[in-house]
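The values are calculated or read from the model by the stated rules, or taken from the named source; none is laboratory data. Only a predicted model underlies this, so the values are computations on that prediction, with no experimental measurement involved. Cβ atoms come from the backbone with ideal geometry, glycine included; neighbour counts cover every protein chain shown. Heads up: the accessible areas ignore ligands, DNA and RNA and are worked out on the full protein's heavy atoms, side chains in. Shrake-Rupley method; radii C 1.70, N 1.55, O 1.52, S 1.80 Å.
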Amino acid sequence: MSKKLLLQHIDVPGINTYEVYRKQGGYKAVEKALKEMTADQILEEVKTSGLRGRGGAGFPTGMKWSFLAKPEGVARYLVCNADESEPGTFKDRYLMEKIPHLLIEGMIASSFALGANTAYIYIRGEYFYVHRILENAIKEAYANGWLGKNILGTGYDLDLYMQIGAGAYICGEETALLESLEGKRGNPRIKPPFPAVAGLWGRPTVVNNVETIAAVVPIINEGGANYANIGVGKSTGTKLISASGHINKPGVYEIELGLPVEEFIYSDQYCGGIRNGKELKAVVAGGSSVPILPKELILKTAAGEPRLMSYESLGDGGFQTGTMLGSGGFIVMDEDTSIVKNLYTFSRFYHHESCGQCSPCREGTGWMEKILKKIISGNGTLSDVDLLWDIQSKIEGKTICPLGEAAAWPVAAAIRHFRKEFEEYVTNPQNIVDVKHYYRVNNLAAV
Amino acid sequence: MPKVTIDDIEIEVPDGTTILQAARMIGGEVVPPAMCYHSKLKTSGGYCRTCIVKVEKGSEKDPRPMPKPVPSCRTTVMDGMVVRNKTAPDIVEARAGIVEFLLINHPLDCPVCDQAGECDLQDLAYEHGKSHSRYDFQRRTFEKIDIGEHIKLHMTRCILCYRCVKTAEQITDGRVHGVIYRGDAAEISTYIQNVIDNDFSGNVIDVCPVGALTDRTFRFKSRVWFTKPVDAHRDCPKCSGQVRLWEKGGEVLRVTARKDKYGEVESFICNECRYDKKNASDWVIEGPSKVDRHSVIGANHYENSVLSATDDRQQTGLPHGKKVELGEGALNPNNIY
């Protein structure tokens, strides 16, 4: 049984209420942080822990915090990114829904470490009921003196606000999130300046994922060094994985980083194998935007070593034979899945969610979707596959924010590993299942 | 004063200069094309991505190359930076891709577009684009709408450069138009059927790099290359009064702001100058405007003028068009703008 740091009390009845959470040792991290530690000590612990951003990019959190500009007399902000919009990822929702106080505790400790007196949780519009749960939890925290003026008599003030988004994928990008939080259209900003220098309202800001902030709590409780002992290499600690797709037991699992992928998919403790006794075909390991990998590459690296659930092992081989841990949205596909149709679904999503600011993404995502639609409706040609490849290469790396890459990578990986399937679609369109029917039964928009 | 090397040419520039500005200081072929950047507007640029360049060496202190192409209009130079524009084949390739993206939903209706001849997108496609399109789907279209008494919005042609939004925000009080919707459905729109109505509203027409915002008083009056640009000024209480008159047959067809050789407005003008002073007698004529842009006009009509065009063309590296004999009257100053 692997160690659980975030979800260890998840099954305790009433853990979403303050009393139960407190009884289970909640808010100890805040007590320890505010009374026994200085801000620099917390920063050091986080650095020692090797915690990496859990939102997708995997940037070391301690380093991100140390980049925060600290000019005298200028307010700093901590913003929690709860706009969990990556398709296939639902771990933050689970965490906030079940243990809202863990996030609030992490927010208080992190804000103290950063010297922020105002913190925000930006939550996506679709999580309206989670928003209500969190609002209640914040009220409870205020009522019990964990938020507000002079917390625990230490003289430290913190106000925590929630902001609900309108449901745009792009607002999960940190600068677009800040724009949206300021009440503007959620367009990503052009960097530099980075949020650590000029973020919310032009002031230094740290934007962290829900899980990252929650992980600060066990780091303070148990010490950074102990946290760093869990995991493998530079992937330390535990990670929440949202497992979905054709598996027996979909859900959110907390794993120690370094768990073999094979064990994760087939062990009864986790996914429990492929549904209906089918064969595994492919896995999208970290949310829809990371490259898809076929069975032989997800279970073993190109060098033949077992693939582990860690930032390095999943990234082994670059994008030629590897992928990314990303946000931990683990989508498993069985042998009956059509990679081309799946890719069309992804591309449709990115086309719909492109903000329209910069031209490669605005025009390219729509173009890719149209070509994929043409292919799956049986009208494609072989040159369309090459064109698709060319378009994705012209989007990748040319855009303001990573949405361009997020749209380009799945296309590139699907063509790289499953080109034969595309060619099958193009050369034998009569074998294709009726697309209109497919969309009708799935209650999706008409093709 | 940082030193930057662009396409193997070194130049020393003031602190805070962007790569694009530094390239313009060098001039000629190293200048990346720009569609959304406008030197007179703050925070413009970064959207169209045509000006992307490759940074081979970040700076003297941190010589690592930048991992991705950067927009030169929004990237500040550092001491010792090494930049590649035309000399990087992958940048030339990427730029061709961007031009293709900009054109896939553009109607290419230049034959009926008022902007033709002074259109930045036309020039860009002419220099960096390809002669055919790989896009075989229906293009995005919008209805034409009048936004205000003098301005026509033809959204189908728009490339979403945000210049008009920034103009309205920075030179007028109370912007009433902006971008609504998302992705390739995004459009410039007035706030709930509002009209753009203020003394400086006409400037959005001048900053529009394509024919999306056109002057209703000039629509379909004449192709721009049949009109003669003349620089003129008057004492205007509201603006600088420095304008360009576009004449045809002794009649002033329209008044615009003066633009520099990158097609960017030199100083914004008010609506009184633009729409109400259409008699040559209202103005003090300074003389013919020097049109030295590397534009479609420059490649044809102005090609043969005996003035400075040759030098400019050598700098911009444009191929010479076919030679036309200088006909009678070619040395008449009225014919050689």
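Here the stretch B:165-176 is the region considered, the condition is being away from chain A (no Cβ under 13 Å) and more than 26 Å from B:Cys51 (Cα to Cα), and the residue that is most open to solvent (accessible area, probe 1.4 Å) is B:Asp173.
Tallying residues that are more than 14 Å from chain A (Cβ to nearest Cβ), among the aliphatic types (A, V, I, L, M) and closer than 23 Å to B:Lys42 by Cα within the stretch B:184-211 yields 4.
Is it the case that A:Asp390 is without any contact (Cβ under 8 Å) to a residue 60 or more places away in the chain and either more than 9 Å from chain B (Cβ to nearest Cβ) or over 22 Å from B:Glu100 (Cβ atoms) (or both)?
Working: without any contact (Cβ under 8 Å) to a residue 60 or more places away in the chain: yes; either more than 9 Å from chain B (Cβ to nearest Cβ) or over 22 Å from B:Glu100 (Cβ atoms) (or both): no.
Answer is no for this residue.
Only one entry in B:Glu100, B:Glu93 is surrounded by 18 or more Cβ atoms within 10 Å (Cβ to Cβ) and charged (D, E, K, R), namely B:Glu100.
Counting only residues that are open to solvent by 10 Å² or more (accessible area, probe 1.4 Å), more than 14 Å from A:Met162 (Cβ to Cβ) and of a type outside the set (Gly, Ala, Ser), the stretch A:103-124 holds 2 of them. Looking at the stretch B:31-81 only, could you name the residues that are among the basic types (Lys, Arg) and either in contact with a Gly (Cβ under 8 Å, 6 or more places away or on another chain) or within 13 Å of A:Cys358 (Cβ to Cβ) (or both)? Passing the criteria: B:Arg49, B:Lys57, B:Lys61, B:Arg64, B:Lys68, B:Arg74. Looking across the stretch A:58-76, the residues that are over 22 Å from A:Glu173 (Cβ atoms) and either surrounded by 23 or more Cβ atoms within 10 Å (Cβ to Cβ) or of a type in the set (A, V, I, L, M) (or both) come down to A:Val74, A:Ala75.
Considering A:Ala198, A:Ala215, the condition of being free of Cβ contacts under 8 Å to residues at least 60 places away in the same chain and either within 21 Å of A:Gly55 (Cβ to Cβ) or surrounded by 23 or more Cβ atoms within 10 Å (Cβ to Cβ) (or both) is satisfied by A:Ala198 alone.
Would you check which residues across the stretch B:38-66 are in a loop (DSSP other than H, G, I, E, B) and within 21 Å of A:Gly364 (Cα to Cα) and list them? Show your work before the answer.
Taking the stretch B:38-66 and keeping what is in a loop (DSSP other than H, G, I, E, B), we get B:38-51, B:58-66.
Of everything in the stretch B:38-66, those that are in a loop (DSSP other than H, G, I, E, B) and within 21 Å of A:Gly364 (Cα to Cα) turn out to be B:Gly45, B:Gly46, B:Tyr47, B:Cys48, B:Arg49, B:Thr50, B:Cys51.
Selection within the stretch B:44-56: residues that are of a type in the set (Ser, Thr, Tyr) and crowded, with 24+ Cβ neighbours inside 10 Å. The member of this set that is nearest to the other protein chains (Cβ to nearest Cβ) is B:Tyr47.
Quick check: is even one residue across the stretch A:345-359 surrounded by 24 or more Cβ atoms within 10 Å (Cβ to Cβ), away from every other protein chain (no Cβ under 14 Å) and in a strand (DSSP E or B)? The answer is no, given that none of the residues of the stretch A:345-359 is surrounded by 24 or more Cβ atoms within 10 Å (Cβ to Cβ), away from every other protein chain (no Cβ under 14 Å) and in a strand (DSSP E or B).
Summed over the stretch A:173-194, the residues that are touching a residue at least 24 places away in the same chain (Cβ under 8 Å) and more than 14 Å from chain B (Cβ to nearest Cβ) give a count of 4.
Looking at B:Val252 and the list (1) over 21 Å from the mean Cα position of the chain (by Cα); (2) assigned to a loop (DSSP other than H, G, I, E, B), which single condition is not satisfied? Unmet condition: (2). Mind listing just one residue for me: the one in the stretch A:232-250 that is open to solvent by 10 Å² or more (accessible area, probe 1.4 Å), within 23 Å of A:Val332 (Cα to Cα) and touching a residue at least 60 places away in the same chain (Cβ under 8 Å) and, of those, nearest to the chain's Cα centre (by Cα)? Restricting to residues being open to solvent by 10 Å² or more (accessible area, probe 1.4 Å), within 23 Å of A:Val332 (Cα to Cα) and touching a residue at least 60 places away in the same chain (Cβ under 8 Å), the top hit is A:Ser244. Go through the stretch A:152-195 and report how many residues are of a type outside the set (D, E, K, R), part of a loop (DSSP other than H, G, I, E, B) and farther than 16 Å from B:Gly46 by Cβ. Residues that pass the stated criteria total 11. Filter the stretch A:376-387 down to residues that are facing chain B (nearest Cβ under 7 Å) and not in a helix (DSSP H, G or I), then give me how many there are. Number satisfying all stated conditions: 0. If you check A:Gly50, A:Gly55 for being more than 29 Å from A:Gly202 (Cβ to Cβ) and either among the β-branched types (Val, Ile, Thr) or open to solvent by 10 Å² or more (accessible area, probe 1.4 Å) (or both), only one passes: A:Gly50.
Taking the conditions exactly as written (touching a His at 6+ places or on another chain (Cβ under 6 Å) and either away from chain A (no Cβ under 13 Å) or open to solvent by less than 10 Å² (accessible area, probe 1.4 Å) (or both)), does B:Val112 satisfy them or not? Working first, answer last.
Numbers: touching a His at 6+ places or on another chain (Cβ under 6 Å): no; either away from chain A (no Cβ under 13 Å) or open to solvent by less than 10 Å² (accessible area, probe 1.4 Å) (or both): yes.
For B:Val112, the condition - touching a His at 6+ places or on another chain (Cβ under 6 Å) and either away from chain A (no Cβ under 13 Å) or open to solvent by less than 10 Å² (accessible area, probe 1.4 Å) (or both) - is not met.
Checking the conditions here, which among A:Lys373, A:Lys278, A:Lys295, A:Lys341 is open to solvent by 10 Å² or more (accessible area, probe 1.4 Å), within 14 Å of chain B (Cβ to nearest Cβ) and over 16 Å from A:Gly404 (Cα atoms)?
Numbers: A:Lys278 fails: within 14 Å of chain B (Cβ to nearest Cβ); A:Lys295 fails: within 14 Å of chain B (Cβ to nearest Cβ); A:Lys341 fails: within 14 Å of chain B (Cβ to nearest Cβ).
Only one candidate passes the filter, namely A:Lys373.
Okay, residues lined up against (1) within 14 Å of chain A (Cβ to nearest Cβ); (2) open to solvent by 60 Å² or more (accessible area, probe 1.4 Å); (3) in contact (Cβ under 8 Å) with a residue 60 or more places away in the chain:
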site: B:Gly58; (1), (2), (3): yes, no, no
site: B:Pro63; (1), (2), (3): no, yes, no
site: B:Gly117; (1), (2), (3): no, no, yes
site: B:Asp136; (1), (2), (3): yes, yes, no
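Being within 26 Å of the chain's Cα centre (by Cα) and acidic (Asp, Glu) is the filter; apply it to the stretch A:362-386 and report the residue that is nearest to A:Tyr425 (Cα to Cα). Once the filter is applied, the top-ranked residue is A:Glu369.
Of the candidates B:Tyr126, B:Tyr181, B:Tyr162, the single residue that is among the aromatic types (Phe, Trp, Tyr) and more than 13 Å from chain A (Cβ to nearest Cβ) is B:Tyr126. Can you find a residue in the stretch B:138-158 that is open to solvent by less than 20 Å² (accessible area, probe 1.4 Å), within 14 Å of chain A (Cβ to nearest Cβ) and under 23 Å from B:Val70 (Cβ atoms)? No, the stretch B:138-158 contains no residue that is open to solvent by less than 20 Å² (accessible area, probe 1.4 Å), within 14 Å of chain A (Cβ to nearest Cβ) and under 23 Å from B:Val70 (Cβ atoms). When residues of the stretch B:92-108 are filtered for being at the interface with chain A (Cβ under 7 Å from one of its Cβ atoms) and more than 17 Å from the chain's Cα centre (by Cα), how many remain? Summing the residues that are at the interface with chain A (Cβ under 7 Å from one of its Cβ atoms) and more than 17 Å from the chain's Cα centre (by Cα) in the stretch B:92-108 gives 5.
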